[in-house]
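Here is the structure we will look at, set down as structure tokens.
The values are calculated or read from the model by the stated rules, or taken from the named source; none is laboratory data. Just so you know, these numbers come straight off a predicted model, no measurement behind them. Cβ placement follows ideal geometry from the backbone for every residue including glycine, while neighbour counts extend to all protein chains displayed. The area values use the complete protein model at the heavy-atom level, side chains included, leaving out ligands, DNA and RNA. Shrake-Rupley method; radii C 1.70, N 1.55, O 1.52, S 1.80 Å.
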Amino acid sequence: MNQHVLHDRALTLPAVDPLTLIDDPAGTESIDAGVLLDLYRRLVLGRRFNQQATALTKQGRLAVYPSTTGQEACEVGAVMALEDEDWLFPTYRDTLAVVMRGVDPAEVLTLLRGDWHHGWDPHAHRVAPLATPLATQTVHAAGLARAAQLRGDSLAVLAMIGDGATSEGDFHEALNFAAVGRSPVVFFVQNNGYAISVPIGKQTAAPTLAHKAIGYGMPGVRVDGNDVAAVYQAVGAAADRARAGGGPTLVEALTYRVDAHTNADDATRYRDAEEVEAWLRRDPVVRMEKHLRARGLLDEATAEEFRAGAERAAGELRARLSTDPRPNPDPLSLFDDVYARPTSQLLEQRALLERELAAEKRAAREAIA
């Protein structure tokens with residue numbers, strides 16, 4: 001019997017009650033006060049970012065925006081737990097997480113603006129592109145983690161997904177691959193209650209999403225996703241474990257999508273106002289502010305400074321997206337970065353598009369003539 005099997009037998013089912021810290025005045029004493037204040041500052045920044053991005057959508061400056069209003073603690077807490085050498089693999093909803101990783105907000109919104117597929121250098125920031133297909137980035141995350149492991153690099157990989165993605169095949173393949181190789185991955189599931197309009201109860205028969213971890217041979221943890229300190233601590237512990245060679249962890253964060261799935265969705269068709277109101281009472285920004293004030297770590301002057309900083313950042317983003325020249329990329333560059341060596345099928349598709357574009361130009365010239 002090898003060491004891995006012995007380790008796996010030590011796994012226990014996760015607690016159903018999520019880890020919560022900020023409801024107890026002493027719950028965050030193990031976290032540095034400066035870190036707690038920075039987490040709150042970023043929550044304020046994140047809430048304003050969501051509001052600004054939503055407004056830009058209504059003004060036609062963005063094609064679509066999947067808001068994380070109500071989920072800011074997940075976006076902020078998880079990313080703040082990463083070290084510089086770590087990697088982040090986000091979904092289309094995790095724009096705020098990418099901003100918190102240090103990427104230019106205007107570049108983060110490039111895909112959602114409809115300008116281009118992607119707006120930043122993944123290697124420069126150690127942030128993969130926003131993944132629109134559900135769960136595909138979990139496979140990429142597991143692959144990068146395995147490669148880093150084989151190279152002897154000390155890092156952790158954070159793969160962010162929603163609850164709906166846990167019903168996808170890629171999710172299962174990624175967890176199995178990472179667990180077998182004991183690769184340094186943290187699978188972070190933001191369980192916001194709905195996969196567009198499908199409630200979590202119709203997606204899984206498991207007691208919790210964290211329970212799924214045990215079947216693959218990795219720990220599963222549940223955390224209060226509206227408690228930024230708890231998310232920071234839970235993801236930080238999982239990332240530390242990954243870097244130390246302990247293998248992957250599945251962290252399920254319980255949160256709620258206050259806004260609709262996107263601006264194209266009508267959430268009133270599948271959930272009632274009472275449910276939304278109940279979650280608004282657990283607002284992650286308000287809860288953290290109350291906690292910090294109760295501990296004497298936050299005064300009004302500091303709170304106002306944070307709000308003013310968030311307002312300035314929102315104004316800068318609004319101005320840039322209203323004035324920056326829109327790129328006009330070559331449609332054929334669509335195929336440039338799919339593979340390092342294009343497949344024959346990809347080259348055929350490129351040639352087909354090239355012929356179609358040429359035909360359109362000829363037709364336009366003939367119409368003018």
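Checking the structure you have, find out if any residue of region 246-256 is surrounded by fewer than 20 Cβ atoms within 10 Å (Cβ to Cβ) and without any contact (Cβ under 8 Å) to a residue 24 or more places away in the chain. No: region 246-256 contains no residue that is surrounded by fewer than 20 Cβ atoms within 10 Å (Cβ to Cβ) and without any contact (Cβ under 8 Å) to a residue 24 or more places away in the chain. Take the conditions (1) more than 17 Å from Ala159 (Cβ to Cβ); (2) open to solvent by less than 60 Å² (accessible area, probe 1.4 Å); Asp266 misses just one of them, which is (2).
Scanning region 146-182 for residues that are hydrophobic (A, V, I, L, M, F, W, C), assigned to a helix (DSSP H, G or I) and closer than 16 Å to Ala213 by Cβ yields Ala165, Phe171, Ala174, Leu175, Phe177, Ala178, Ala179, Val180. Within region 91-117, the set of residues being of a type in the set (Lys, Arg) and without any contact (Cβ under 8 Å) to a residue 60 or more places away in the chain comprises Arg101 only.
Scanning region 331-357 for residues that are more than 31 Å from the chain's Cα centre (by Cα) and open to solvent by less than 80 Å² (accessible area, probe 1.4 Å) turns up Ser344, Arg350, Ala351, Leu353, Leu357.
The set of residues in region 118-127 that are in a helix (DSSP H, G or I) and in contact (Cβ under 8 Å) with a residue 12 or more places away in the chain contains only His125.
Exactly one residue out of Gly201, Gly236 is of a type in the set (Gly, Ala, Ser), at pLDDT below 95 and part of a helix (DSSP H, G or I), and it is Gly201. Residues in region 149-158 that are surrounded by fewer than 20 Cβ atoms within 10 Å (Cβ to Cβ) and touching a residue at least 40 places away in the same chain (Cβ under 8 Å) were compared, and the one that is nearest to Tyr339 (Cα to Cα) is Asp153. For Val228, the conditions (1) free of Cβ contacts under 8 Å to residues at least 40 places away in the same chain; (2) under 26 Å from His261 (Cα atoms); (3) hydrophobic (A, V, I, L, M, F, W, C) are fulfilled apart from (1). Looking at this structure, is Asp121 acidic (Asp, Glu) and in contact with a helix residue (DSSP H, G or I) (Cβ under 7 Å, 6 or more places away or on another chain)? In short, no. Screening Ile196, Ile161 for residues that are under 25 Å from Ala267 (Cα atoms), open to solvent by 60 Å² or more (accessible area, probe 1.4 Å) and either at pLDDT 95 or above or not small (Gly, Ala, Ser) (or both) leaves exactly one candidate, Ile196.
Of the residues making up region 183-193, those that are crowded, with 20+ Cβ neighbours inside 10 Å and part of a loop (DSSP other than H, G, I, E, B) are Ser183, Pro184, Asn192.
Tell me which of these Asn328 doesn't satisfy, since it passes every other one: (1) part of a helix (DSSP H, G or I); (2) open to solvent by 90 Å² or more (accessible area, probe 1.4 Å); (3) free of Cβ contacts under 8 Å to residues at least 12 places away in the same chain. (1) is the only condition that Asn328 fails. Thr262: among the polar types (S, T, N, Q) and not in a loop (DSSP other than H, G, I, E, B), yes or no? In short, no. Scanning region 67-117 for residues that are open to solvent by less than 10 Å² (accessible area, probe 1.4 Å), assigned to a loop (DSSP other than H, G, I, E, B) and more than 12 Å from Val228 (Cβ to Cβ) returns Ser67, Thr68, Gly70, Asp86, Pro90, Asp94, Val103, Leu109. Restricted to region 273-306, and to residues there that are touching a residue at least 12 places away in the same chain (Cβ under 8 Å) and over 16 Å from Leu37 (Cβ atoms), the residue that is surrounded by the fewest Cβ atoms within 10 Å (Cβ to Cβ) is Leu280.
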